[in-house]
Each structure stands twice: as C-alpha cells, then as structure tokens.
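A short worksheet on the structure shown next.
The values are calculated or read from the model by the stated rules, or taken from the named source; none is laboratory data. Note that the coordinates shown come from a computational prediction; the quantities given were computed from them, not determined experimentally. Neighbour counts run over all protein chains shown; Cβ positions are idealised from the backbone, glycine included.
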Amino acid sequence: MSALTDEEFENLVDSDLAWRRIELQSLKSQLESQAARNPSSPATRALARSMVTMLYAHWEGFSKCVFDHYANLIVRRKPVALEMNDALLLAHSAHVLKRIESGDSSAIAELIGMTRGTERPRVRLAKASLSDTKSNLRYQVLATILQGFGMTSAEFETKRNLIDVLLCDRRNAVAHGRDMFPRPTDVVDLHAEVINLMETVLNDVVVQIKIKGYLRPATV
C-alpha cells in the first residue's frame, strides 16, 4: 500500500512507528527488570546486547520506511518533472539517463524534449536509490538520502556521534560477535535517543509533504 494524501502518509508511518515502539519498550522493560536483579548477570548482558541490535534495526528500518513512502507519494501525485526541486529534478534526470543506457528510445525523446522545452514529462524516480540505507545508516548516509530529496541534514549534525558510534558501531560489534557488553543504563539512554531520532525523521518528512517541499519554490 502506498500513500497519496497527507493523511494516508501519516497513517502509514504512524502505524509503522507504533509497533516498533511497542517492541522496543518491551525489550527495555525486560532489560530494566533483569538489571535491577543483577546488573552484571549473563541474562542482563544478553538483553543489553540484543537491544543494541534491535535499536539499530528499528532506526534503519523505520527511516527506510518513511523515505520509501515519501518517494512513493511523490510519484503517485504525478507532478511535472520540471516543477520538482533541484535535487529531485536531478534524480529524475539520472533515471532518464539510466533508461537511455538500457536502450529505452522513449527516454532519448524525453530528454531531448525536456532540454528543448517541448516536453513536460511526469516525474519518475529510482525510488530504491533514493532511500538506500546501504545496510549501515550512518550520519553521512542519512545526509545523502535527505539531500537526495532536497532536504537539509542540519538537524542531525549534532547527532553524528550518537548515530555513528553509539548506535552503528555498537550494533556492528554485537552483530559481528565481538565481546562488547554495554551497560544497561547506557542502552536505556540509547533507547530514548533512537526514539527521538525516528520521530525527527518522521516529523521532517511530514513537514516537507505539508509545504510541498518536493516542488521548486515559487518565483515572485
């Protein structure tokens, strides 16, 4: 299912965020309960390590969900490519060039028509490329995704260490079987930070949709 209206988009992503909240809250409660009994027990350490991996999984999974639905919404609204913001016009043009490389003769006519101003095609986007998290959603990857939609990453710059070190590096250490044992209190703090990160991604995209930030600003 893909969204067309603002309300449909918000319902889809709110629903996706809701089940992630429930799962992470359940893990957090279990970790806090076990840590209260014995903060250094094998069970506590296992829960802390498990939660680190799940926090990353939901950070990447939810962000990709939001960007996927945003790209789908833009395409479903069928705006004229030349009316898109610069970043999305570039993404459309890159998609046209890939079609040309694959031997699509209609893409050649489209590119020529756009260049001469005789064609006003509807936007087409390589949606998978726009929301590609590269299976390691570090700050720079997030910044690239945001810039690809014509958005700013400034709001996340102060979170670079959180995203890259506390979230991604810790997850990689656990996922690769290293003996990394975070303190339960640190993992609980990380839980709050990750929820905030996901909400920020969601809110930023919702604002873009409401103000039609995917379109080129109107000239006076």
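A few notes on this one:
- Evaluation of residue 122 against the conditions (1) surrounded by 13 or more Cβ atoms within 10 Å (Cβ to Cβ); (2) basic (Lys, Arg); (3) within 24 Å of residue 72 (Cβ to Cβ) shows that the sole unmet condition is (1).
Results for (1) within 22 Å of residue 74 (Cα to Cα); (2) without any contact (Cβ under 8 Å) to a residue 12 or more places away in the chain, shown as yes or no for each residue.
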{"site": "145", "(1), (2)": "yes, no"}
{"site": "153", "(1), (2)": "yes, no"}
{"site": "161", "(1), (2)": "no, yes"}
{"site": "181", "(1), (2)": "no, no"}
{"site": "192", "(1), (2)": "no, yes"}
{"site": "213", "(1), (2)": "yes, no"}
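- Hits in the stretch 115-142 (condition: out of contact with any Phe, Trp or Tyr (no Cβ under 7 Å at 6 or more places or on another chain), at pLDDT 95 or above and part of a helix (DSSP H, G or I)): 140, 141
- The set of residues from the stretch 130-189 being surrounded by fewer than 19 Cβ atoms within 10 Å (Cβ to Cβ), of a type in the set (Gly, Ala, Ser) and on the phi < 0 side of the Ramachandran plot comprises 143, 153, 154, 173, 175.
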